[in-house]
Amino acid sequence: MEHSTVLLVDDEADLRDALAQGLELGGHNVHTYADGDTVLDHVNRTLYGVLVTDIRMPRSDGLTLMRRAFDIDPALPVILITGHGDVPLAVEAMRAGAYDFMEKPFPASRLNDTVLRALQTRRLVLENRALRQALDEETGLIARLIGRTPVMQRLRSEVEALAEADVDVLLLGETGSGKEVVARALHDEGPRRDKPFVAINCGALPSDIIESELFGHEAGAFTGAIRQRIGKLEHAAGGTVFLDEIESMPHDLQVKLLRVIEQRSIERLGSNRAIPLDVRFVAATKVDLEEACADGRFRSDLYYRLNVVTVSVPPLRERKEDLPILFHHLAREARARFRREVPDLTPDMMAALTAHDWPGNVRELRNVADRFVLGLSLGLDGEEPASAAEEGSPLAQRVAAYERSLIAAEIKRQDGSLKATYESLGLSRKALYEKMKRYALDKDEVLSEPM
């Protein structure tokens with residue numbers, strides 16, 4: 001990413017020069033302006049930078065300048081400088097979307113620290129936009145098997161080569177790593193794409209009905225068999241059968257499945273008529289089947305029959321570089337399911353995602369993305385709670401107390417209606433809930449407090 005830029009606006013020349021010098025020593029490109037007339041010419045949606053502006057200036061004010069900048073890019077970090085200790089004005093600035101505010105006088109190091117934090121946020125915004133654009137542009141296998149790491153490029157190459165080959169495939173991968181996604185890709189990218197894809201979880205079917213589920217039965221084949229039933233294997237005619245958790249299949253049924261794979265025909269329960277079966281088998285396992293064969297837990301002849309080609313599906317911890325784009329993809333899916341907007345991912349959240357080991361792999365990441373879109377905690381170790389910037393400074397403490405009292409008073413005035421509260425305060429629903437969480441405001445407790 002390009003070198004960072006700070007757009008600095010202040011009508012006091014001496015202060016402007018001193019701030020610019022401190023920021024330049026911090027490694028930033030600094031463009032200075034005495035007012036806001038021309039600074040907006042340098043604001044755009046691709047700017048890796050921050051706008052720092054005084055609030056009170058003779059020809060224009062910082063709040064107006066900030067709002068005009070937000071018309072160009074609402075996600076641009078804006079740091080406002082005030083010399084008046086004006087708490088209501090600072091609250092208005094934060095509610096209007098300011099990244100932070102600083103009360104004069106302040107050391108140059110503090111501004112540098114604030115700018116660095118703002119740039120971290122800005123970098124994430126720009127990376128998120130690039131990821132969203134990349135997701136929008138991707139099609140075919142790249143859109144299904146998401147990731148840019150070498151292991152994912154290898155996986156896509158293998159799927160592309162095997163899809164047209166129409167051979168039986170054994171998928172090896174940890175729980176939640178996406179084996180069914182790979183199986184569906186093999187089906188959809190191959191000549192059987194217009195025929196059924198039938199997924200069978202061998203570990204989920206009760207042992208007393210699994211044979212009937214797979215092979216079907218004739219009327220009267222057993223007690224309760226009132227009418228003929230077409231089994232899942234027959235239903236998949238012309239398509240693909242995905243046998244998930246193949247290692248869980250009962251031993252006696254493994255013998256029958258072996259015969260089906262070898263002869264490519266089935267017999268319904270209660271019938272002696274062989275029905276030709278034109279299907280492709282894709283089996284998946286999370287265990288070492290060769291070891292299971294040695295222990296007697298799995299038939300070696302079935303293993304060698306299934307193991308025409310083995311494809312390894314990598315665990316998420318081996319491709320952490322794919323986390324950002326994969327998380328965005330899953331968050332977009334959650335947005336469609338829950339009809340919610342996708343919140344902004346903070347640097348602390350991204351750090352928590354990267355630090356996690358992901359024992360549940362993509363399935364676990366999907367759950368985290370769902371919680372994220374629902375506005376809940378990610379539930380990961382190392383996740384930092386959201387907090388107001390510079391909350392230790394005297395002005396920030398006064399602003400926080402002032403804002404908390406405003407929200408609590410409005411909740412009381414609206415008799416606990418949060419919808420009426422955020423509409424009255426000019427906040428979004430999400431913003432109100434975040435502020436209530438930050439200030440530990442509970443609606444029932446607020447209503448029970450004496451006036």
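The values are calculated or read from the model by the stated rules, or taken from the named source; none is laboratory data. Given the structure is predicted, the values throughout are model-derived calculations rather than measurements. For neighbour counting, all protein chains shown are included, and Cβ atoms are generated from backbone atoms with ideal geometry for every residue, glycine included.
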Worksheet item: In segment 172-231, which residue that is closer than 18 Å to ALA283 by Cβ and aromatic (Phe, Trp, Tyr) is nearest to the chain's Cα centre (by Cα)?
Response: PHE197
Worksheet item: Any chance segment 265-272 includes a residue that's within 20 Å of VAL182 (Cα to Cα) and not hydroxyl-bearing (Ser, Thr, Tyr)?
Response: no
Item to complete: Residues being in a loop (DSSP other than H, G, I, E, B) and at pLDDT 80 or above: count how many of those fall in segment 351-379.
Response: 9
Practice prompt. Could you grab the pairs with beta carbons closer than 7 Å, sequence gap of 6+ or different chains, first residue in segment 75-95 and within 22 Å of ARG117 (Cβ to Cβ) and of a type outside the set (A, V, I, L, M, F, W, C), second one at pLDDT below 75 and surrounded by 22 or more Cβ atoms within 10 Å (Cβ to Cβ)?
Written response: THR82/ALA90
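Go through ASP301, ASP322, ASP348 for me and flag whichever is among the acidic types (Asp, Glu), modelled with pLDDT of 90 or more and surrounded by 15 or more Cβ atoms within 10 Å (Cβ to Cβ). Even if it seems obvious, please write down each step before you answer.
Values: ASP301 fails: surrounded by 15 or more Cβ atoms within 10 Å (Cβ to Cβ); ASP348 fails: modelled with pLDDT of 90 or more.
Going through ASP301, ASP322, ASP348 in turn, the sole match is ASP322.
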Practice prompt. For segment 58-86, enumerate the residues that are surrounded by 19 or more Cβ atoms within 10 Å (Cβ to Cβ) and either within 37 Å of the chain's Cα centre (by Cα) or not β-branched (Val, Ile, Thr) (or both).
Written response: GLY62, LEU65, MET66, ALA69, LEU76, PRO77, VAL78, ILE79, LEU80, ILE81
Worksheet entry | Close pairs (7 angstrom Cβ cut-off, 6 or more residues apart or separate chains): closer than 22 Å to ARG317 by Cα in segment 334-355, among the charged types (D, E, K, R) and at pLDDT below 80 anywhere | ASP348/GLU383; ASP348/GLU384; MET349/GLU383; ALA352/GLU383
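With the condition kept exactly as written, say whether any residue in segment 126-146 is in contact with a strand residue (DSSP E or B) (Cβ under 8 Å, 6 or more places away or on another chain), over 15 Å from GLU321 (Cβ atoms) and at pLDDT 80 or above.
Quick first cut of segment 126-146, residues in contact with a strand residue (DSSP E or B) (Cβ under 8 Å, 6 or more places away or on another chain) only: none.
No, because not a single residue in segment 126-146 is in contact with a strand residue (DSSP E or B) (Cβ under 8 Å, 6 or more places away or on another chain), over 15 Å from GLU321 (Cβ atoms) and at pLDDT 80 or above.
Between GLY296, GLY239, which is among the small types (Gly, Ala, Ser) and within 27 Å of LYS195 (Cβ to Cβ)?
On the way: GLY296 fails: within 27 Å of LYS195 (Cβ to Cβ).
Just a single option satisfies the conditions, and that option is GLY239.
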